[in-house]
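Before any comments, here is the structure.
Rule-based calculations on the coordinates, nothing more; no lab input. Keep in mind that what you see is a predicted model, and the values were worked out from it rather than measured. Cβ: placed from backbone, ideal geometry, glycine included. Neighbour counts: every protein chain shown.
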Amino acid sequence: MAAFRQGLSEAGFVDGRNVAIQQRWAEGRDDRLPALLADLISLKAAVIVANTPGALAAKAEGTNIPVVFATGSDPVRDGLVASLNRPGGNFTGVVFNSGELGTKRLELLRQLAPKAATIAMLVNPSTPETVAEQTDVHKAVQAFGQQFVVAVPICLA
């Protein structure tokens, strides 16, 4: 948020002076996103900045408010935009292809532990980027003849 505010300031937008920044947090509970979006829509937000789950919720809501997202997944595959070079509609964003690094991480792991028979991956199963990375790593692990275990952390609320 500090970098976001700094960037806005450099562009002449200062919170409380000529722009109002309203933050909403789902606290890891995606089921809260529709209510948070409804609140922002009722405030007549000029733009919504969101992560992948927030952007997907905004897409499902069908809002006409511009949405700027940051994702580690493929926004075309996830249905956020029509294409990378022409997103279309009111969605655009920044893509960090971190999910595609899963097979590279596996290569490094194999160099560190070449005799490992089982590879485990700790995942957050609720994000699209996790699904894609898990699929890619699983294929690579199978190609090496190793077992693949997916571990999902249990969150205590």
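Pick out, in residue order, every one of the chymotrypsin sites (Phe, Trp or Tyr not before Pro) in the stretch 1-74 that is DSSP loop and has at most 12 other C-beta atoms within 10 Å; say none if there are none.
Passing both the DSSP loop test and the Cβ count: Trp25.
Can you list residues from other chains, or at least 5 along the same chain, whose modelled amide H is less than 5 Å from the amide H of Ala50?
Here the answer is Val68, Phe69, Ala70, since their amide H atoms fall under 5 Å of that of Ala50.
Using Cα pairs under 8 angstrom and six or more residues apart, how large is the relative contact order of the chain, in percent?
Relative contact order of the chain: 15 percent.
Suppose only helical runs count, i.e. DSSP H with n ≥ 4. What mean residue ellipticity at 222 nm does that imply for the chain under -39500 (n - 2.57) per run, divided by all residues and rounded to the nearest 500 deg cm²/dmol?
-11000 deg cm²/dmol
What residues qualify as long-range amide H neighbours of Met121, i.e. H under 5 Å apart, gap of 5 or more or another chain, H built at 1.01 Å from N?
HN-HN under 5 Å from Met121: Val149, Val150, Ala151.
Based on the Kirkwood radius over alpha-carbon pairs, what value in µm²/s does the Stokes-Einstein equation return for the translational diffusion coefficient of the stretch 99-151 at 4 °C and 1.567 mPa s?
For the chosen part, D equals 117 µm²/s.
With label points built 7 Å along Cα→Cβ from the Cα atoms of Asn18 and Val49, find their separation and express it in nm.
The answer from the label model is 1.7 nm.
Using the Cα centre of the chain as origin and beta-carbon charges of +1 (Lys, Arg) and -1 (Asp, Glu), tell me which of Pro34, Gln111, Asn124 is placed farthest towards the positive end of the dipole.
The Cα lying farthest towards the positive end belongs to Gln111.
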